[in-house]
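Please read the structure below before turning to the comments.
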Amino acid sequence: MNQPRIAVYPGSFDPITLGHLDIITRGLEIFDHLIVAVANNDEKTPLFNIDERLELVRQTVGSNPRLEVDTFNGLLIDYIRHRRAHIILRGLRAVSDFEYEYQIAQTNHQLDKNTETLFLMTSLPYAFLSSSVVKEVASHGGNVDSFVPPPVQEALRKKFAARSDSWNNGIVRI
Ligand code: ADP
C-alpha cells in the first residue's frame, strides 16, 4: 500500500485570512493529510499570540479528520522530519513572493533532500491579500469582512477596540 501523502502548510497566520483558507481547502484535495503548522517565532512580534493564532485557525477550519492544526518552533525542517512528512505546502501570490519563497525552498531542500516544497498559486480574489494588509486596514477601523473568516473579524474588532481603549486612557491621563 502507498504511504499516505502528508503535507505541512507552515506560516505565521497572524491572523489566518481567506487566502490561507483557500490554500488549505485546495491542499486537502491533493494530500491525504494536511498539517497547518503555526510558527511560534520569537523574532517576529505578532499581533496575536501563538494561542490566539492557533485558536483562530482551529475555529476557521472546523473539524476534518484529514486536517490537523499544530504549532512548531525552531527549524521547519526538524518539524517536518518529526512529523514524518516530506512535503511543504506554500502559497504564491505575486512575483514579489517568489524570491523569498525560492530561497527558503532551496535552503530546506539543501537541509533535507527528501523534502520538497510545493506551491499553489493564489486564487485571483486573494491575489493581493495578506495578513499585514488586513491588520493595517483593521487598525484604522476599516471593514475586513471580505478578507477574513468570521472568527477573525470578531477577534480583530476586539483587539483594536482594546487597543484604542488603552490609547484613549493614556491620552486622558496626560
Ligand atoms: P510566513 O510568515 O511564513 O510568510 P504567512 O502566514 O504570511 O506566513 O503565509 C503563509 C503562507 O501562505 C505563505 O506561503 C504565503 O505565501 C501564503 N499566503 C498568504 N496569503 C496568501 C494568499 N492571499 N493567497 C495565497 N497564498 C497566501
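Remark on Thr117: its backbone amide H falls under 5 Å from those of Ile88, a criterion applied only to residues 5 or more positions apart or on other chains, H modelled at 1.01 Å from N.
Given a cut-off of under 8 Å on Cα pairs at least six residues apart, what relative contact order in percent is computed for segment 50-169? Please report the intermediate quantities before stating the final value.
Details: 73 pairs, mean separation 27.5, N = 120.
Answer for segment 50-169 is 23 percent.
Answer with one residue from Val134, Ala162, Met121: the one whose Cα lies farthest towards the positive end of the charge dipole of the chain, charges on Cβ with Lys, Arg +1 and Asp, Glu -1. Checked the options; the winner is Ala162.
Quick one: of the DSSP bridges fully inside the chain, what percent are antiparallel, nearest 5? Restricted to the chain, the bridges split so that about 0 percent are antiparallel.
Pairing the Cα long axis of helix 50-61 with the longest principal axis of the chain, what angle in degrees results, from 0 to 90 and rounded to the nearest 10? Relative to the chain, helix 50-61 is tipped by roughly 70 degrees. Taking other Cβ atoms within 10 Å as a rough exposure proxy, Phe48, Phe98 sort from fewest to most as Phe98, Phe48. Across the options Ile16, Phe31, Pro4, the greatest Cα extent toward the positive end of the charge dipole of the chain (unit charges at beta carbon of Lys, Arg, Asp, Glu) belongs to Ile16.
Sorted fewest first by neighbouring Cβ atoms within 10 angstrom, Tyr9, Tyr79, Tyr102 come out as Tyr102, Tyr79, Tyr9. Across segment 8-19, computed HN-Hα scalar couplings (Karplus, 6.51 cos²θ - 1.76 cosθ + 1.60, θ = phi - 60°) run 10, 9, x, x, 7, 6, 10, x, 4, 10, 5, x Hz from first to last residue, x flagging Gly and Pro.
Please compute the Kirkwood hydrodynamic radius over segment 97-169, one decimal place, Å, based on all pairs of different Cα atoms.
On the way: mean 1/r = 0.0661 Å⁻¹.
Hydrodynamic radius (Kirkwood, Cα pairs) of segment 97-169 is 15.1 Å.
Kirkwood's formula applied to the C-alpha pairs of segment 1-129 gives a hydrodynamic radius of 15.1 angstrom. Relative to the Cα centre, the charge distribution of the chain, modelled as +1 at Lys and Arg Cβ and -1 at Asp and Glu Cβ, gives a dipole magnitude of about 160 debye.
The phi torsions of segment 156-161, fed into the Karplus equation with coefficients 6.51, -1.76 and 1.60 and a -60° offset, translate into couplings of 5, 4, 5, 4, 7, 5 Hz, rounded to whole numbers, with Gly and Pro shown as x.
Rounded to the nearest 500, what is the 222 nm mean residue ellipticity of the chain from helices alone, with -39500 (n - 2.57) per DSSP H run of 4+ residues and division by all residues?
Details: 6 runs with 82 residues, N = 174.
Result for the chain, helices only: -15000 deg cm²/dmol.
What translational D, rounded to a whole number of µm²/s, comes out for segment 54-134 from Stokes-Einstein when the hydrodynamic radius is the Kirkwood one over Cα pairs, at 25 °C and 0.890 mPa s? Please list the in-between numbers first.
Values: Rh = 14.6 Å.
The Stokes-Einstein estimate is 168 µm²/s.
Over all Cα atoms in segment 47-86, the spread is summed up by Rg and Dmax: 11.9, 31 Å.
Shown for Ser139, Ser12: other C-beta atoms within 10 Å of each C-beta, ranked fewest to most, produce the order Ser139, Ser12. Here the Karplus curve 6.51 cos²θ - 1.76 cosθ + 1.60, taken at θ = phi - 60°, turns the phi angles of segment 121-136 into couplings of 6, 4, 7, 3, x, 10, 4, 10, 9, 9, 4, 5, 5, 4, 5, 4 Hz, with x standing for Gly and Pro.
Quick note: the coordinates plus some simple rules give every number you see, no bench work behind them. Keep in mind that what you see is a predicted model, and the values were worked out from it rather than measured. With ideal geometry, Cβ positions are generated from the backbone for all residues, glycine too; neighbour counts draw on all protein chains shown.
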